[in-house]
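One structure is given here, and the rest of the page talks about it.
The values are calculated or read from the model by the stated rules, or taken from the named source; none is laboratory data. Predicted model, so just to flag it, every value in this text is computed and none were measured. Ideal geometry is used to build each Cβ from the backbone, glycine not excepted, and the neighbour counts take in all protein chains shown. Heavy atoms of the whole protein, side chains included, go into the accessibility calculation; ligands, DNA and RNA do not. Shrake-Rupley method; radii C 1.70, N 1.55, O 1.52, S 1.80 Å.
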Amino acid sequence: MRKAKTVADEASVLKALESVAGPGGKSIVAAGLVSGVNVSGAKAFVSLTGDPARAKELEVLRVAVEGAVKTVPGIEAAIVTLTAERAPQAAAAAPPAGQAPQRRPIAAIEKIKYIIAVSSGKGGVGKSTTSANLALGLAAQGWRVGLLDADIYGPSAPRLFGLSGKPEVVDNKMIPLEAYGLKIMSIGFLVEEDVPMVWRGPMVAQALGQMLGEVAWGELDALVVDMPPGTGDAQLTMAQQVPLAGAVVVSTPQDLALIDARRGVAMFQKVSTPILGVVENMSYFLCPHCGGRTDIFSHGGARHDAEALGVPFLGEVPLDLKIRETSDAGTPVVASEPDGPHAAIYKELAAKVKNLLETQSRRAPPKIVVG
Ligand SMILES: Nc1ncnc2c1ncn2[C@@H]1O[C@H](COP(=O)(O)OP(=O)(O)O)[C@@H](O)[C@H]1O
Ligand SMILES: [Mg+2]
């Protein structure tokens with residue numbers, strides 16, 4: 001027999017948090033460690049703010065908080081993230097020490113029509129190259145496009161677009177950098193390279209929330225998110241926290257990458273994000289000298305896999321020197337040779353993605369997966 005469903009709210013979660021003692025014995029709420037509480041249905045999102053130097057201690061606290069939040073009637077899942085004391089470049093705008101900053105990460109993205117995740121099961125398969133050229137391809141269709149490089153393990157937007165420097169902060173919002181008409185924000189603009197990995201892990205989800213909510217994106221038709229590789233907790237949390245319109249999974253034809261791609265697809269299915277499709281990158285090699293084609297990695301695996309998984313196959317991108325050279329030079333091929341054969345491949349991919357998004361939103365209201 002089922003009881004009537006209890007509906008939890010932010011206040012009841014906050015009350016439960018008051019019973020959790022932080023370092024020094026004081027409640028974490030009184031100590032100002034809680035920087036955000038959000039309830040969506042039976043899921044609670046809590047962010048804790050602390051000093052990165054105490055990452056280990058805070059991780060223990062994070063687990064305790066998760067336990068406490070789950071005891072709240074009506075809450076079935078708790079997602080608790082850690083965030084650094086304050087983003088260095090936002091320091092001027094940050095509230096005085098001891099006072100918890102009020103974060104509403106997701107609210108500011110209402111003006112973005114479609115948020116598209118580009119993901120891969122593992123690194124090095126061309127996720128960033130695909131994200132950049134897909135974003136440019138969408139812009140070539142007349143869309144206003146942003147690119148969010150959320151790959152905390154290996155941010156590549158600075159290299160791909162030849163960008164450096166910190167975003168300016170105006171009215172508490174970071175102004176994205178711009179290249180080839182795209183608005184670009186990268187975790188690489190924010191996180192110093194020497195930040196230890198142990199801290200980076202827990203930071204992922206929260207950092208993404210900040211990059212979505214505390215960036216002046218303005219009105220966008222699409223925001224392409226270059227996700228961290230893999231399908232671990234951090235990726236899952238992100239997929240849950242961000243209202244994604246759909247996901248594009250990048251895979252190489254090799255078997256191992258394919259197994260990982262399958263996991264990537266399963267992850268998005270788990271959080272009810274529509275899979276827009278699979279892209280096979282480095283699909284085949286076109287010899288720049290003789291024009292002959294070689295299927296280095298037994299091409300066609302991703303198409304087969306996509307079919308087996310029942311998700312659309314979006315296309316094949318060849319392994320091509322020009323794609324690598326332009327990516328490494330900060331001039332992605334769709335921007336530097338917009339009328340060339342490589343750009344044509346990415347533009348076709350972009351047109352498919354655009355079409356899928358538009359058809360999907362005609363069928364149903366845009367899917368908001370906030371948890
Ligand atoms: N289709 C391609 N042809 C040639 N080189 C590619 C292609 N896709 C990616 N690369 C190169 O492979 C490397 C890894 O790609 P990248 O996009 O950074 O992968 P990921 O983001 O998945 O780690 C980069 O040097 C990139 O220029
Ligand atoms: Mg990358």
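For region 285-331, enumerate the residues that are open to solvent by 30 Å² or more (accessible area, probe 1.4 Å), assigned to a strand (DSSP E or B) and in contact with a Leu (Cβ under 7 Å, 6 or more places away or on another chain).
Phe285, Arg293 - these are the residues of region 285-331 that are open to solvent by 30 Å² or more (accessible area, probe 1.4 Å), assigned to a strand (DSSP E or B) and in contact with a Leu (Cβ under 7 Å, 6 or more places away or on another chain).
When you scan region 66-85, how many residues do you find that are buried (at least 19 other Cβ atoms within 10 Å of the Cβ) and within 14 Å of Asn38 (Cβ to Cβ)?
Residues that pass the stated criteria total 8.
From the list Gly41, Gly32, which residue is surrounded by fewer than 17 Cβ atoms within 10 Å (Cβ to Cβ), on the phi > 0 side of the Ramachandran plot and in contact (Cβ under 8 Å) with a residue 60 or more places away in the chain?
Unique residue meeting the criteria: Gly41.
Which residues, taken from region 49-66, are among the charged types (D, E, K, R) and touching a residue at least 60 places away in the same chain (Cβ under 8 Å)?
If the condition is that a residue be among the charged types (D, E, K, R) and touching a residue at least 60 places away in the same chain (Cβ under 8 Å), then Lys56, Glu59, Arg62 are the ones that fit.
Just checking, how many residues over region 312-347 are farther than 22 Å from Leu177 by Cβ, free of Cβ contacts under 8 Å to residues at least 60 places away in the same chain and more than 11 Å from ligand 1 (Cβ to nearest atom)?
8
Specify the residue that is modelled with the highest pLDDT; the eligible residues are those in region 223-233 that are open to solvent by 10 Å² or more (accessible area, probe 1.4 Å) and within 16 Å of ligand 1 (Cβ to nearest atom).
This residue is Pro229.
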